[in-house]
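The structure under discussion appears below in the form of C-alpha cells.
Read the figures in this text as sums done on the coordinates, not as results from a lab. Because the structure is predicted, anything quoted here is derived from the model rather than measured. FYI the Cβ positions are ideal-geometry reconstructions off the backbone, even for glycines, and counts take in every protein chain you see.
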Amino acid sequence: MAKVMLREKDGKVKFYVAKKDMEETILSIEFDTEEKWGGEVKISNGDTWLIPVGPKKLPCELEVKRLSIGGE
C-alpha cells in the first residue's frame with residue numbers, strides 16, 4: 001500500500017507518490033463518473049494501481065495498492 005496524492009491539471013488526473021517523488025498521469029480508469037470513480041487505473045509509466053472506488057473528489061490523498069509494475 002502506498003499513500004498517493006491525486007489532483008486534476010489541464011483536464012488530466014495526476015498521480016503523485018511522495019515517497020518515490022514520482023508523478024505520472026492516469027491514462028485509464030475502471031470507473032470514471034462523478035458518483036463512482038476509481039478502481040483499477042493504468043498510469044503513464046505502465047504501472048497498474050487500485051484506487052478505492054467512491055465519489056470523485058479531487059484533490060485528495062488516498063491509500064492505494066500497486067497491482068503490477070510497468071505492464072507486467
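If the only charges are +1 at each Lys and Arg Cβ and -1 at each Asp and Glu Cβ, what is the size of the charge dipole of the chain around the Cα centre, to the nearest 20 debye?
Result for the chain is approximately 180 debye, rounded to the nearest 20.
Pick out which of G38, G11, G54 has the largest mean-square fluctuation in a Gaussian network model of the chain, springs linking Cα atoms closer than 10 Å.
Of G38, G11, G54, the Gaussian network model singles out G11 as fluctuating most.
Take the Cα coordinates of the range 27-68, assign each an equal point scatterer, and use the Debye formula without solvent to give log10 I(q)/I(0) at q = 0.18, 0.19, 0.23, 0.31 Å⁻¹.
Calculated log10 I(q)/I(0) at the listed q: -0.46, -0.52, -0.75, -1.16.
Can you check how the C-alpha radius of gyration of the chain compares to 2.2 N^0.38 Å, as a plain ratio?
Relative to the rule-of-thumb radius for its length, the chain sits at 0.99.
Of the cross-linked pairs K20/K57; K3/K57; K36/K65, which ones have a Cα-Cα span greater than 22 Å in the structure shown? Intermediate results must be reported in sequence, preceding the final value.
Numbers: K20/K57 24 Å; K3/K57 16 Å; K36/K65 18 Å.
Where the Cα-Cα span goes over 22 Å, the pairs concerned are K20/K57.
Can you compute the FRET efficiency between K20 and L50 using 1/(1 + (r/R0)^6), with r the Cβ-Cβ distance and R0 = 22 Å? Round to the nearest 0.05.
Approximately 0.80, to the nearest 0.05.
Whose amide H sits under 5 Å from the amide H of E40, counting only residues 5 or more places off or on another chain, with H placed in the peptide plane?
Counting only residues 5 or more places away or on other chains, the set is E30, F31, I51.
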